[in-house]
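*Asks:* Quick one: the structure is below, questions incoming.
The values are calculated or read from the model by the stated rules, or taken from the named source; none is laboratory data. Everything numeric here is computed off the predicted structure, so don't read it as measured data. Every residue, glycine among them, receives a Cβ derived from its backbone with ideal geometry; neighbour counts consider all protein chains shown.
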Amino acid sequence: MLYFCIPAYNEAPTIGLLLWRLRKVFQEQPREYEVLVYDDGSTDATAETLEPYRKVMPLTVLGGTRVGYAAAVDALCREASKRTRYPRRDAIVLLQADFTDQPEHLPELIKRFDGGADVVVAERPVDAMTVPQQVRTLRKMAPWVVRPFVSVFGVRDPFATLRLFRVSVIRDLIKERGDQPLIAGDGWGANVDLLLRAAPLARRIETVELAPRYDVRARATRVRAWSDAMGLLRFARSARGRSVRATRA
C-alpha cells in the first residue's frame, strides 16, 4: 500500500488537478494506494474542491484547523502509520498540494523503494528559469545557513518536498518520539528535520533528481527568502551535530 500524504493550505486552484493526475497515474500502476490530505485550516474552497474526489478515489481528509506545515505532516505520518497492515511493505509519500510536485514522477520514487530503499529523496535540479526568484534566492542561501550545524552527506538537496519513507521507518520514529512532535521547525526546516530523524532508522537512503513545476502553480510562492533563511538558521542551530548519509542509486 502507498499512502500519499498531502498537507494543504488554501490550495483550491490546484488540489483537484493534483488528485486527478494522481488518479490517472495509478490507473496504469498495479499498486494499491490511499490519499490522505490534511486541510490546514484553509479559508478558500479547498474543502469543497476535495469533496467530489471522495467518491472516485480512496481519499481521506484530516484536519480543518490551522496547525502549520510541520504539525500537518506529523498528523499525516501518524495516520498512515496507524492504517498500515504491512509496515515493511508499505510506503508514505509526501507531496505538495500546490502542484509543484508532479504525480508523473512518483513511479521513479517507487522503483527505488521496490529496489530496497527505505527513504527516497527527490532532489531538485539546478535552478531553471521557471523557479520563482524568492525560491531561487533561498536555495542559494540555505546550504550556507545549514551546513555549519547539520551534515547531510550524499543528499545535495535536503530541503526538497517530495519524499518517500518506508512506513516501518516512520513507525519506529513515532515509537522513538512518543507524544513529542515528530519534527520541529517549519517549511524547509521541517523537511530537513524529518530527514535527519528518519535517517538513523533507515538501512538505505537514495536520491533521485526530479524537477518540480512552478509554472503551473496558480498562486505566488509563499517563500520569503530572508525570513525563511533566518528560520532555517534557528532550526540548524537547534539541530547541531545531527547527520544523515545517503546511498545514491
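*Asks:* Hey, does segment 189-202 have a residue that's out of contact with any helix residue (DSSP H, G or I) (no Cβ under 6 Å at 6 or more places or on another chain) and modelled with pLDDT under 80?
*Replies:* The answer is no, given that none of the residues of segment 189-202 is out of contact with any helix residue (DSSP H, G or I) (no Cβ under 6 Å at 6 or more places or on another chain) and modelled with pLDDT under 80.
*Asks:* Then there is this: In segment 160-188, how many residues are of a type outside the set (V, I, T), in contact with a Phe, Trp or Tyr (Cβ under 8 Å, 6 or more places away or on another chain) and in contact (Cβ under 8 Å) with a residue 60 or more places away in the chain?
*Replies:* Residues meeting the conditions: 6.
*Asks:* Still on this structure, please answer the following. Could you tell me how many of the residues in segment 95-136 are at pLDDT 80 or above and of a type in the set (V, I, T)?
*Replies:* Adding up the residues that qualify gives 5.
*Asks:* Among the residues of segment 46-63, is any out of contact with any Gly (no Cβ under 8 Å at 6 or more places or on another chain) and in contact (Cβ under 8 Å) with a residue 60 or more places away in the chain?
*Replies:* no
*Asks:* Count, please, the residues in segment 72-94 that happen to be among the aliphatic types (A, V, I, L, M) and either under 9 Å from P7 (Cβ atoms) or modelled with pLDDT under 95 (or both).
*Replies:* The qualifying residues number 5.
*Asks:* Being charged (D, E, K, R) and either closer than 20 Å to L62 by Cβ or assigned to a helix (DSSP H, G or I) (or both) is the filter here, so list the residues in segment 73-111 that pass it.
*Replies:* From segment 73-111, those charged (D, E, K, R) are 74, 78-79, 82-83, 85, 88-90, 98, 101, 104, 108, 111; that's our starting set.
Those that are charged (D, E, K, R) and either closer than 20 Å to L62 by Cβ or assigned to a helix (DSSP H, G or I) (or both): D74, R78, E79, K82, R83, R85, D90, D98, D101, E104, E108, K111.
*Asks:* Can you pull out every residue in segment 58-72 that is among the aliphatic types (A, V, I, L, M) and not in a strand (DSSP E or B)?
*Replies:* V67, A70, A71, A72
*Asks:* Related question: Within segment 1-15, how many residues turn out to be assigned to a helix (DSSP H, G or I), buried (at least 19 other Cβ atoms within 10 Å of the Cβ) and either in contact with a Cys (Cβ under 6 Å, 6 or more places away or on another chain) or of a type outside the set (A, V, I, L, M, F, W, C) (or both)?
*Replies:* So the count comes out to 1.
*Asks:* Let me ask you something else. Here are some residues: E48, E34. Which one is part of a strand (DSSP E or B) and surrounded by fewer than 20 Cβ atoms within 10 Å (Cβ to Cβ)? Reasoning before the result, please.
*Replies:* On the way: E48 fails: part of a strand (DSSP E or B).
Criteria check complete, one pass: E34.
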